[in-house]
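Student: I'd like to ask some things about the structure below.
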Amino acid sequence: MNYVPTLKKDYNERVKSALVEKFNYENMMEVPKLTKIVISKGIGEAIADRKLIDQAIDELTLITGQRAVPTISKKDVAAFKLRKGMPIGAKVTLRGERMYEFLDRLITAALPRVRDFQGLSPKGFDGHGNYNMGITEQIIFPEIDIDKVKRITGMDVTFVTDADTDREGKALLTELGLPFKKN
């Protein structure tokens, strides 16, 4: 028997029916779903020290369980001493089982470790049901060994859904377990 992540099973058994009830969808195919999660890290100091990119790639690979790739600059910016084609960050795109596993670890292990956590801001939606959030310290993930970290850096996490509105996207992510602040 194949392994199915707990959150994916929960989505299929509980979340879909809850969203149908809330939004009165006529067809189960109308129910929004999480399509991918993109975790990215910009490293401004990488212009001077290329080893920082390798460290960022290694950290993202540890956190997500999938190999991260460097992001490359698209144009020259003389003020920042940046040349076209230089690596300036790292990112990883998660889909399928790995996406649900990462989301589960984010909700159950990482977010509770954030100092003074009051919930996620509901203002991170883009108008199409996608949600963006920032994480200020990579050390909230249990996979990162604090003793081996040279610099504390943050990262951006983007949840891409196929929802039509922010209201539907927020309902989906809330049902999946993301702890949004109450208004």
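Taken together, the values in this text are just the output of simple stated rules run on the coordinates, not laboratory data. Computed from a prediction, not measured in an experiment: that's the story for all the values here. FYI the Cβ positions are ideal-geometry reconstructions off the backbone, even for glycines, and counts take in every protein chain you see.
Student: As an exercise, use a Förster radius of 25 Å and the Cβ-Cβ distance of E175 and D58 to find the FRET efficiency, rounded to the nearest 0.05. Intermediate values should be presented prior to the final figure.
Tutor: On the way: r = 34 Å, r/R0 = 1.34.
Computed FRET efficiency for E175 and D58: 0.15.
Student: Starting from the Cα-Cα distance between K84 and K33, subtract it from 0.36 nm times their residue separation and give me the gain in nm to one decimal. Write out the running numbers ahead of the final one.
Tutor: Values: separation 51, 0.36 × 51 = 18.36 nm, distance 3.63 nm.
So the chain would gain 14.7 nm between K84 and K33.
Student: Follow-up. In whole angstrom, note down how far apart the Cα centers of segment 15-65 and segment 114-183 are.
Tutor: Using only Cα atoms, the two centres lie 9 Å from each other.
Student: Next question. Given springs between every Cα pair under 10 Å in a Gaussian network model of the chain, which of K91, K75, K33 has the largest fluctuation?
Tutor: In this elastic network of the chain, the residue with the biggest mean-square fluctuation among K91, K75, K33 is K75.
Student: Among the GluC sites (Glu not before Pro) within segment 18-96, which fall in a DSSP loop and have no more than 15 other Cβ atoms within 10 Å of their own Cβ? List each step's numbers first, then the result.
Tutor: Numbers: sites: E21, E26, E30, E45, E59; in loops: E26.
In loop regions of segment 18-96 (DSSP not H, G, I, E or B), the sparsely surrounded GluC sites (Glu not before Pro) are E26.
Student: With springs only between Cα atoms under 10 Å apart, run a GNM on the chain and tell me which of F23, F102, F125 wobbles the most.
Tutor: Sorting by GNM fluctuation, first place goes to F23.
Student: In nm, to one decimal, how far is the E45 label point from the N12 one, both placed 7 Å along Cα→Cβ?
Tutor: 4.6
Student: Short version: ³J(HN,Hα) in whole Hz for each residue of segment 158-165, in order, from phi by Karplus 6.51 cos²θ - 1.76 cosθ + 1.60 (θ = phi - 60°), x for Gly and Pro, what are they?
Tutor: Each residue of segment 158-165 in turn: 10, 9, 9, 10, 9, 6, 7, 10 Hz.
Student: So which lysines pass the test for K33, namely a Cα distance under 16 Å, with those fewer than 8 places away in the same chain ruled out?
Tutor: K8, K9, K16, K22, K170
Student: Checking the cross-link filter: which lysines have an alpha carbon closer than 21 Å to that of K81, excluding same-chain neighbours under 8 positions apart?
Tutor: K41, K51
Student: Under a crude label model (7 Å from the Cα following the beta-carbon direction), how far is F117 from D145 in nanometres?
Tutor: It works out to 2.4 nm between the two label points.
Student: Another question, then. What is the calculated FRET efficiency for I152 to V20, with r their C-beta to C-beta distance and R₀ = 45 Å, to the nearest 0.05? Could the numbers behind the result be given before it?
Tutor: Values: r = 43 Å, r/R0 = 0.95.
Efficiency computed from Cβ-Cβ geometry: 0.60.
Student: Looking at the square roots a ≥ b ≥ c of the eigenvalues of the Cα gyration tensor of segment 19-92, which shape do they give, rounded for a/c under 1.5, prolate if a/b is larger than b/c, or oblate?
Tutor: Numbers: a/c = 4.57, a/b = 2.39, b/c = 1.91.
In terms of gyration-tensor shape, prolate.
Student: Taking each pair of different alpha-carbon atoms in the chain once, compute 1/r for the pair, average those values, and report the inverse of that mean as the Kirkwood hydrodynamic radius in Å to one decimal. Write down the numbers at each step before the final one.
Tutor: On the way: mean 1/r = 0.0562 Å⁻¹.
For the chain, inverting the mean 1/r across all distinct Cα pairs yields 17.8 Å.
Student: Once you put a point 7 Å from the Cα of I72 and another 7 Å from the Cα of D164, both along the Cβ direction, what distance in nm separates them?
Tutor: Reported label-point gap for I72 and D164 is 3.9 nm.
Student: Where is the GNM fluctuation largest for the chain (alpha-carbon springs, 10 angstrom cutoff): V92, V20, V38?
Tutor: V20
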